[in-house]
Amino acid sequence: MPVFGWFDNRGQGSHVRQFIFILGVVFCCLISNEVSAKPLPAKAFGALPDVYDAAISPDAKQVAMFLNMNGNYGVAIFNIDGEGHQNPRVIGLEKGVKPEWIKWVNNDRILISIWQSNIIDTTPITAGYIHTVDVNTGKGKTLIKPRNIFRQYNNNVVDFLEDDPNYILMSFADKNVNAPDIKKVNVKTGKYTKVKRGTVKVQAWYTDLRGEPRIGQGRIENKKGEWYLTIRDADSKTWRHSDEYPGIDADVDIYGFTKNPNELVLGLYGGRDTKGLYIYDLVAKKIVKQLFHNGDYDVGGLIYSADGKSIVGAKYVADSEEIELFEQYKTVLGHMREKFEGYTVDYVDQSLDGKVVLFKVSSADSPGALMMVDTKSDEITRLSTLHRDLPSNEMGKVTSVKYKTRDGELIPAYVTLPRSVSESGEIKNIPFIILPHGGPYARSSKRFDYFSQFFASRGFAVLQMNFRGSAGYGKKFKDAGRENWVQMQEDVEDGARWLLRKGYADPDRMCIVGWSYGGYAALMGAIKNPELYACAVSMAGVTDLRDMVRDIEKYRFGKIAAKDFVLKGFENKDAIKENSPVKRARELTVPLFLAHGKLDQRVHYDQFMRMKRALKKSPATVTYMTFKGEDHYLSDQENRQQFFVGLDQFLKETVGVLETAP
């Protein structure tokens with residue numbers, strides 16, 4: 001069980017002060033004009049963010065944040081007014097404990113959600129916990145502890161009950177962990193009472209804006225993995241199956257309720273290719289309003305008013321996150337987006353009255369900062385940098401592009417250019433990195449990405465594409481890739497060939513790189529098209545699809561997940577074999593950098609070992625890196641920095657030091 005404790009900040013104060021700083025007023029510069037004469041050290045790109053998450057107390061007098069302290073996260077708590085920010089109270093977390101979120105539940109207490117990697121019966125898993133801490137005394141404890149069972153999820157909050165400073169609603173069970181109840185938990189003592197009995201059919205519970213449990217949703221453990229949805233009447237204890245509500249499928253995307261407890265907000269296609277927001281009246285039992293629907297992009301979420309009682313807009317991702325406000329509504333974040341034009345503004349937290357708001361400001365070429373605004377005075381304060389060792393003036397410029405595939409599909413993508421190239425304006429014969437995203441059912445967007453910026457700092461331009469199967473572009477685009485993994489690979493290949501055809505990329509200095517699914521795509525690209533690439537890099541990559549299926553099946557709903565995630569993307573067993581890097585390792589001829597964490601819970605470490613054994617029959621030069629006790633994300637700063645140092649050396653040895661580097 002993870003532990004924590006107060007640090008004596010007499011020894012930490014100077015370190016904390018150097019990047020927890022209050023600048024006073026408006027627009028501290030996010031961009032400097034001074035440029036280094038040499039590349040930033042590789043370790044700088046492996047440093048974890050300075051601040052992972054932050055929260056402001058209900059009375060707006062204190063801020064708490066997950067703070068990077070020499071590679072390990074702790075929680076710093078400081079007063080906004082006065083001198084409290086100079087000597088923050090600091091709570092240290094054990095090494096290996098990773099931050100998730102932080103939240104004030106009242107003016108004297110914070111909740112800290114963390115997770116860590118574990119091995120259960122040889123299977124890697126992650127387990128989450130919540131710690132409750134009295135900020136005045138520093139005393140704290142694990143909020144809820146499993147009773148004579150292993151329970152993976154001890155940090156599922158259903159509702160923070162903003163109007164009740166002493167309780168929250170959580171989802172967990174003491175006996176059958178697969179049938180989580182809704183419990184009302186005292187945030188100080190951890191004592192709880194059952195509000196709603198769980199069932200193995202429900203994995204997720206939802207409340208309305210009054211904090212009342214209203215929705216239970218999940219999958220049934222049968223061969224088909226059928227979905228189940230139950231809905232409670234607004235003002236009674238009656239729960240009804242979704243079959244009683246025409247137009248609501250059990251697997252529908254639920255976004256929440258309006259201030260009317262009978263109005264449910266659903267994510268639906270509504271006869272179109274993209275997904276939008278619709279209001280379903282649970283009394284009339286029909287859709288009564290289209291709330292939002294973009295014709296090009298799927299909806300991403302709701303925007304609520306400052307008091308959390310009204311829906312005032314929607315958000316979605318185009319190149320970067322966009323918001324659309326309804327009617328006459330104005331929001332603090334909308335105002336901040338006007339002030340920080342050209343930057344992405346992300347909500348973090350706000351005081352109980354909504355008058356003080358924390359937010360992050362960043363852009364594709366600036367890692368940005370954690371900011372605070374007093375909405376009454378419009379005074380903006382910078383609380384911390386987000387990556388202090390990555391100055392924005394040394395980051396590459398990012399441009400949105402589109403290219404055509406062999407069958408005529410337009411693929412949205414992003415090109416990151418080294419500073420020297422963007423300043424010269426000559427995009428010709430440049431060393432390039434092809435960087436497909438992970439997931440694979442995720443997407444790249446035009447926002448700060450430390451991975452692509454590392455390559456730009458070494459003189460490479462970077463192409464990140466949203467191949468078919470990527471999220472956010474509608475059902476047709478999504479299904480085209482998810483039902484055909486070869487299509488996803490070909491879209492990546494076509495991006496590389498487009499760069500060559502246009503004369504943008506140097507044909508002798510192009511590499512393919514990826515993490516997770518991206519690592520798989522890098523391996524397959526190097527095997528299938530060795531003429532395109534001077535080198536390949538796979539971090540935490542899938543290498544054996546059949547073994548991946550077996551690994552997925554070790555978890556709950558694993559057979560269903562394996563079918564939905566992998567198997568439906570191939571015609572038959574032969575196609576799976578043909579598209580497994582481990583089965584074609586002897587064909588690899590380009591230099592390869594292969595790395596993996598030994599506690600990776602998403603792509604198991606045996607994927608790395610299988611590929612390493614298979615590569616003995618390959619003529620390729622291979623560099624291996626492994627990380628003890630490490631997860632899928634390289635969450636340990638020392639390990640992440642070692643990875644970038646090793647990668648830097650590999651690139652120098654295979655491609656050389658580039659003239660486009662600083």
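The values are calculated or read from the model by the stated rules, or taken from the named source; none is laboratory data. In this text the structure is predicted, and so the values were computed from the model without any measurement. Calculation scope for accessible area: heavy atoms of the full protein, side chains included, ligands and nucleic acids excluded. Shrake-Rupley method; radii C 1.70, N 1.55, O 1.52, S 1.80 Å.
Note on Trp498: accessible area approximately 30 square angstrom, rounded to 10, probe 1.4 Å, nucleic acids and ligands left out. Taking a ≥ b ≥ c as the square roots of the eigenvalues of the Cα gyration tensor, the stretch 88-137 is prolate, since a/c reaches 1.5 or more and a/b is larger than b/c. Taking every protein chain into account, the 1.4 Å probe leaves His596 with about 0 Å² of accessible area, to the nearest ten. When the residues Tyr278, Tyr347, Tyr192 are ordered by accessible surface, computed with a 1.4 Å probe over the protein chains alone, the sequence from largest down reads Tyr347, Tyr192, Tyr278.
Net length available on complete extension from Glu483 to Lys559 is 25.7 nm, with 0.36 nm assigned per residue and the Cα-Cα distance removed.
Classify the stretch 281-414 from the C-alpha gyration tensor, please: rounded if a/c falls under 1.5, else prolate or oblate depending on whether a/b exceeds b/c. In terms of gyration-tensor shape, oblate. When nucleic acids and ligands are ignored and a 1.4 Å probe is applied, Thr331 ends up with an accessible area of around 30 Å².
Relative to one another, the C-alpha centroids of the stretch 168-220 and the stretch 96-119 are positioned 19 Å apart. With 20 Å as the limit, the listed pairs Lys196/Lys237; Lys583/Lys628; Lys616/Lys652; Lys528/Lys577; Lys402/Lys478 have Lys583/Lys628; Lys616/Lys652 beyond it between alpha carbons.
Measuring between their Cα centroids, the stretch 43-76 and the stretch 306-376 lie 20 Å from each other.
Note on surface exposure: Glu221, Glu322 rank Glu221, Glu322 by accessible area, highest first, 1.4 Å probe.
Look at [x] 0.99; [y] 0.95; [z] 1.06: the one that is Rg/Rh (Cα atoms, Kirkwood Rh) derived from this structure is [y].
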